[in-house]
Amino acid sequence: MNILVINCGSSSLKYQLLDMKKEQVLAKGLVERIGIEGSRIKHTTTGKDQVTIEEPMKDHKKALEMVLNALVNLEYGAIKSMDEIEAVGHRVVHGGEKFANSVIIDDEVMKAIRECIELAPLHNPPNIMGIEACKELMPNTPMVAVFDTAFHQTIPKANYMYPLPYELYEKYGIRKYGFHGTSHKYVSQRAAELLGRPIEELNIVTCHLGNGASVCAVQGGKSVETSMGFTPLEGLAMGTRSGDVDPAVILFIMEKEGLSFDEVNELLNKKSGVLGLSGISSDFRDLEEEAAKGNERALLALQLFCNRVKKYIGAYVALMCRIDALVFTAGIGENSPAVREHICNGLECINIKLDNELNQVRGKEARLNSDLTSTAIFVIPTNEELMIARETKELVEK
Ligand code: ADP
């Protein structure tokens, strides 16, 4: 079974075509600048050279048409005809409280996804455009929606509520939803496989550390707590997002600097995090380079980032009573030995200890813990596309 996985942003479309018999990537690519001058598609069929095609693409439908043409192209394509695509899996950011699992897309599901726009005004609309484009171009192909929030729907109420007036939850759905669910689910399942034990008996803490970053407590295969909240702004310090701050600070700055709603939003989402703190960059490679040269603010940003991850790990171990595996994933988690070392440093007290030599690995699956401890530490490159394709296959086969 070949499955096409689609991830639509406001002006971008990422895709992968997977052969699910062997779970192999047949082709993948990225469409950029949809609706903007200079639209292009970068397409790679496995085993062939990457091609870049520049052509005006006024909307997501045109972009998807280009993707399908690239996939069936005689020279650089991967399949002979569109009939070889048996199902499409769509990444959808927000499923609110309506979706605790992936679902086959029908009219009712579309209505429910639209109702979640209020909760994710930047993310759900492009996801919907992607689904609608697919519906028009491949009307007979079954489609599945896989939600970033679904995995966290198992979080108990005492963990997902905010201590605010209860009516705000009833009126607006204000609560923790959590994000990166597909990634936390994939790496926790993979950790159980690597341990050769049923996930039902394991307590795992997964750290998805990329531009956006979140930690998740996975007990018996279910998310029981995560660091992102009502929006992806809560929790860890991130590339440009503040993560946790005293809410009173925001009120104080608004008053002192006379900031509007949009300006505060921009400050917290785009100008804060390690970028705001260091004044240098949101990219950890730049920060590590500058810190090595003695830049104090770069070092401060790195230390603060790592301390927060460490605090969340400690809190989640306390919540679950025990930890069997700690997993690092995403750009920073997979590629920065220094960040992993800072995070684990001092966690021996909860039975977490890195082996410094094993920790030098970058970008590939590996076990990193010292022989002296029983808690496994893993690097597991995340693979959200594969997870989406697996869930799509399972539902379509049913
Ligand atoms: P997202 O998908 O959220 O945009 P990624 O998971 O791709 O982010 O992570 C991107 C981040 O990973 C970069 O901003 C960079 O800080 C970090 N990163 C990538 N490679 C390295 C590396 N070799 N060392 C340290 N950090 C790295």
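The values are calculated or read from the model by the stated rules, or taken from the named source; none is laboratory data. On a predicted model such as this, the values are computed, not experimentally measured, just so you know. Using ideal geometry, Cβ is built from the backbone for each residue, glycine included, and neighbour counts are taken over all protein chains shown. We work out accessible area using only protein heavy atoms, side chains counted, and drop any ligands, DNA or RNA first. Shrake-Rupley method; radii C 1.70, N 1.55, O 1.52, S 1.80 Å.
Within the accessible area of segment 292-386, what % is carbon and sulfur when the probe is 1.4 Å and the other protein chains stay in place? Could you put the intermediate results ahead of the total?
Details: 2210 of 4500 Å².
Carbon and sulfur atoms account for 49 percent of the accessible area of segment 292-386.
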**Q.** Mean Cα-pair separation over length for segment 60-142, i.e. relative contact order, pairs under 8 Å, 6 or more apart, %
**A.** 38
Q: Give a residue-ordered list of calculated ³J(HN,Hα) values for segment 162-173 (Karplus: 6.51 cos²θ - 1.76 cosθ + 1.60, θ = phi - 60°; whole Hz; x for Gly, Pro).
A: 9, x, 10, x, 4, 4, 5, 5, 5, 7, 10, x
Q) Using Cα atoms only, what is the angle between the long axis of helix 384-397 and the major principal axis of the chain, expressed in degrees (0 to 90) to the nearest 10? A) 50
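Restrict the search to segment 363-392; then list the trypsin sites (Lys or Arg not before Pro) that DSSP places in a loop and that have at most 14 other Cβ atoms within 10 Å of their Cβ. Intermediate results must be reported in sequence, preceding the final value.
Working: sites: K364, R367, R390; in loops: K364.
Hits after loop and neighbour filter: K364.
Per residue, what volume in Å³ does the convex hull of the Cα atoms of the chain enclose? List each step's numbers first, then the result.
Numbers: hull volume 65.5 nm³, N = 398.
Spelled out: Cα convex hull of the chain, divided by residues, is 164 Å³.
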**Q.** C-alpha long axis of helix 181-195 to longest principal axis of the chain, angle in °
**A.** 70
Q. So, with a 1.4 angstrom probe, what is the percent of accessible area on segment 67-144 that is carbon and sulfur?
A. 51
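Looking at segment 21-99, which GluC sites (Glu not before Pro) are in a loop (DSSP not H, G, I, E or B) and have at most 16 other Cβ atoms within 10 Å? Before the final figure, lay out the partial values.
Numbers: sites: E23, E32, E37, E54, E65, E75, E84, E86, E97; in loops: E23, E37, E75, E86, E97.
Answer in residue order: E23, E37, E75, E86, E97.
Give me the net charge for the shell around L30: Cβ to Cβ below 15 angstrom, other residues only, Lys and Arg +1, Asp and Glu -1. Intermediate results must be reported in sequence, preceding the final value.
Details: positive: K14, K28, R33, R40, K42, R91; negative: E32, E54, E55, E384, E385.
Taking every other residue near L30 into account, the sum is +1.
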Q. Build a GNM of the chain with springs between Cα atoms under 10 Å: which of A248, A145, A133 gets the top mean-square fluctuation?
A. A248
(Q) How tilted is helix 247-257 with respect to the longest principal axis of the chain? Cα atoms for both, answer in degrees (0 to 90, nearest 10). (A) 80
Q) Taking H as built 1.01 Å from N, whose amide H comes closer than 5 Å to the amide H of E225, not counting residues under 5 places away? A) A217
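For the chain, what is the accessible area per residue in Å², given a 1.4 Å probe and the full set of protein chains?
Working: 18930 Å² over 398 residues.
It amounts to 48 Å² per residue over the chain.
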